[in-house]
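The values are calculated or read from the model by the stated rules, or taken from the named source; none is laboratory data. What you are looking at is a predicted structure, and each value in this text was computed from that prediction instead of being measured. So basically every Cβ, Gly included, is an ideal-geometry build from the backbone, and we count neighbours across all protein chains shown. Quick note on the areas: whole protein, heavy atoms, side chains included, nothing else; ligands and nucleic acids left out. Shrake-Rupley method; radii C 1.70, N 1.55, O 1.52, S 1.80 Å.
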Amino acid sequence: MAQFDLNDDGVVVIVGSGAGGGTLGNELAQRGIKVVILEAGARNEIPDFINDEWESFAQLAWTDMRTTGGTFRLARDFPNLPAWIVKSVGGTTTHWAGASLRFQAHEFKVRSTYGELAGANLLDWPLTLAELEPWYDRAESKMGVTGTHGIPRLPGNNNFKVMAAGAAKLGYREVHTGNMAINSRPRDGRGSCQQIGFCFQGCKSGAKWSTLYTEIPKGEETGRLEVRPNAMVARIEHDDAGKVTGVLYVDEGGRMQRQRARVVAVAGNSLESPRLLLNSASSKFPDGLANSSGQVGRNYMRHTTATVYAAFERPVHMFRGTTMAGIIRDESKNDPSRGFVGGYEMETLSLGLPFMAAFVNPGAWGRDYASILDDYANLAGMWIVGEDMPQADNRITLDPHEKDRNGLPVAHVAFSDHPNDVAMREHGFRQGSAVYEAVGATRVIRTPPYPSTHNLGTNRMSERPRDGVVNRFGQTHDIPNLFVSDGSQFTSGAGCNPTLTIVALAMRQAEHIAERMGRREI
Amino acid sequence: MRVIDKRARLGRRLFLRSAATAVPATALATAGIDAPAEAANAEVLKPDTMATLVRMSRDLYPHDRLATRYYIKACATFDEKAAADATVRAMLDEGAATLDAASQARFRRAYRDVPQETDRVALLEGIRETPFLNKVRSDLVVSLYNQPDLWQRFGYEGSSFEHGGYINRGFDDIDWLPQS
Ligand SMILES: Cc1cc2nc3c(=O)[nH]c(=O)nc-3n(C[C@H](O)[C@H](O)[C@H](O)COP(=O)(O)OP(=O)(O)OC[C@H]3O[C@@H](n4cnc5c(N)ncnc54)[C@H](O)[C@@H]3O)c2cc1C
Ligand code: SF4
């Protein structure tokens, strides 16, 4: 395994080891480039994963302080937990469920397709579906996505069967067990899904793709990738010419270290990436790095989400088997006649009893609430995930008061729904309820959004430097050797889960960085 | 399909926090009799506070199938937190006393002695937005439902990988759906 010197200024430093960072690190190492990944979290491997929701959360989730604002309900229910994301090697790909969908063509052209929408800061991507298609193809192959490359789909569990039966009654057509980055048969040195049902807690069979046990060890095998866990990057440094020179990070022992770098790529997820750029403000860049547009931290998106749970006369046991292998795709089209632009997916979802208690209706108590849990074994559940509108004032800023243990201002997350988001959620609630009522649901429960699992858009891509933070390759408009490599690059969120797109963009970015380094342009 | 037996398993060893309470409560439970709220052990909080919290915990999260010992166990967290933090201790002792005072004024008896659940719930409604109620509610939603001992009572099976997942244990065994 590689070990690079702190003064080695030939390395690419990547901040974060999740979907974006872990993939980029391996892809660069495969191309002969020296890489240091600095990861704030510890290295927990498959045997360390725990089939227990709260224990696993304590082990893997990012629980350092964050604050909230805006009118979204999370600010009231979970004021210090706006997002459910991971701080561990592998990032949120340890927790993720594996749903891997491509954007549709119009979802790259949102401003042209949806037009001017009051309050929305819509912008077309400087990229088309046609350009990304070959990379989607490679990403699907890398991740072993079911329903692509001849990989069979997963078998449907009880929760899926209930949803599919309801969908058939309503006349929905595109209903199946999804495109999942979960092995339905052994592949790439990993076994197949054992229907364990704890996909959100780290897959103990390794069937689900995670950078932790795919990209990262593969990169390490080249001898050119070093992953340093428990390394929290505090600041990105630059020279007088305005090029970045390395990063300051707090190591395992709490000591500040300086790692020099030829290129820095930020992949800390959409809350931490803008926070790091803002915390790196200097006399040359008083508003933070790469922020000449003022867009760093803005246009924060979290998808329009909601969950429908339904109780039945007889048991379902929704918690058995793959958490999210089930989808209805018919509502993902853009059909403004429904009263909103953009579309959404309906995907199976289940929580164990402990998380169900905490999230089904946060803050509620009494008999009405308790009776939902009494019915736990008889519940089915689906998640609605749809496109939300980017808004300039939905944003990450530095909290003026709260600091982390290293004395750095924490991320303040402000979010309010756009009227389009509200209309879409209402539609999703109605359709989801109808699906279950068609097969005899005796009660339907509308659960509000969970702490955000999809965090996007806070360093968005744009054609023109004044509209966004990075260009079509994730390179910052302001600083040629500074890149953004995670979901914060997204110009818009699309109506589907984001990780396949994050991985495809990281693979494409790796080729771009390698070529430009080869030509000595960076 | 493989269904889960939600009945209480009597005679199982109970895990109450201190030996002092564990003995009588266990003895009662094995005899098929539940422990009263007053059986909750308090080392730091006032005994009255603790008994009030146990009554509150059932009123907040009423599951008639659950014996009081589960609520007693869930409330042990309050004594631990009070021991670690004097402001929590004061908040809980004062909150319980205030609730009792309101109950005395309205029903001429302590909150936990008010016989009708609807009356006790009305008292809780009266303190809905207080930091005291919010603290009790939000701590309990974890400490009550996060007891592996009671998961089976709700039909939840807990950790599964050591049993080989559900691939051969009913992940797709639903048998009552209408044929489409
Ligand atoms: C429960 C759950 C289910 C999900 N299911 C799906 C799904 O089915 N499909 C899908 O597409 N997506 C899903 N997601 C979302 C998906 O996991 C994320 O979109 C994806 O992992 C984001 O990738 P990322 O590279 O942006 O960040 P992450 O994967 O979150 O990685 C960021 C890493 O950077 C580290 N970091 C942050 N700041 C610093 C710093 N200053 N210094 C050093 N390290 C730092 C963090 O500790 C973290 O490990 C799910 C998420 C959750 C929580
Ligand atoms: S259900 Fe499948 S993917 Fe999910 S944790 Fe289990 S083995 Fe892994």
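Okay, here's what the table says:
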{"quantity": "Beta bridges by DSSP in chain A, antiparallel share as percent, to the nearest 5", "calculated": "70 percent"}
{"quantity": "Selected from B:41, B:146, B:168 as most flexible by GNM, with chain B as the system and alpha-carbon contacts under 10 Å", "calculated": "B:168"}
{"quantity": "Separation of alpha-carbon centers, segment A:337-355 and segment A:492-522, rounded to whole Å", "calculated": "28 Å"}
{"quantity": "10 Å binning of all Cα-Cα separations within chain B, expressed as whole percents from 0 upward", "calculated": "9, 32, 30, 17, 9, 3, 0"}
{"quantity": "Charge tally in the Cβ shell below 10 Å around residue A:151, where Lys, Arg are +1 and Asp, Glu are -1, residue A:151 excluded", "calculated": "+2"}
{"quantity": "Segment A:12-518: relative contact order in percent, alpha carbon pairs under 8 Å with at least 6 residues between", "calculated": "25 percent"}
{"quantity": "Estimated FRET transfer efficiency when R0 is 45 angstrom, pair residue A:141-residue A:368 (beta carbons, to 0.05)", "calculated": "0.40"}
{"quantity": "Heavy-atom accessible area per residue - segment A:12-518, 1.4 Å, Å²", "calculated": "30 Å²"}
{"quantity": "Accessible surface ranking that places the most exposed of A:200, A:340 first, with a 1.4 angstrom probe", "calculated": "A:200, A:340"}
{"quantity": "Distance between modelled label sites at residue A:284 and residue B:176, nm, 7 Å Cα→Cβ extension", "calculated": "6.8 nm"}
{"quantity": "Part-to-part distance (alpha-carbon centres) for segment A:264-302 and segment B:156-180, which is given in Å", "calculated": "45 Å"}
{"quantity": "Neighbour net charge for residue A:140 - beta-carbon separation under 11 angstrom, K R +1, D E -1", "calculated": "+1"}
{"quantity": "Threshold 30 Å² - residues in segment A:301-318 whose accessible area is reduced by that much or more when the chain is no longer isolated, probe 1.4 Å", "calculated": "A:314, A:315, A:317"}
{"quantity": "Residue B:130/residue A:392 FRET efficiency (R0 41 Å; Cβ-Cβ; nearest 0.05)", "calculated": "0.65"}
{"quantity": "Portion, in percent, of the accessible area of segment A:12-518 that falls on carbon or sulfur, probe 1.4 Å", "calculated": "48 percent"}
{"quantity": "Mean residue ellipticity (222 nm) of chain A, computed from DSSP H runs ≥ 4 via -39,500 (n - 2.57), nearest 500", "calculated": "-7500 deg cm²/dmol"}
{"quantity": "Chains B and A together, accessible area buried on both sides, 1.4 angstrom probe, square angstrom", "calculated": "3900 Å²"}
{"quantity": "Accessible area expressed per residue, chain B, with surrounding protein chains retained (probe 1.4 Å, Å²)", "calculated": "48 Å²"}
{"quantity": "Convex hull per residue volume in Å³, alpha carbons only, for segment A:12-518", "calculated": "134 Å³"}
{"quantity": "Computed over segment B:38-163: relative contact order in percent, which uses C-alpha pairs under 8 Å that are six or more apart", "calculated": "26 percent"}
{"quantity": "Estimated 222 nm signal from helices in chain B, with DSSP H stretches of n ≥ 4 weighted -39500 (n - 2.57), rounded to 500", "calculated": "-17000 deg cm²/dmol"}
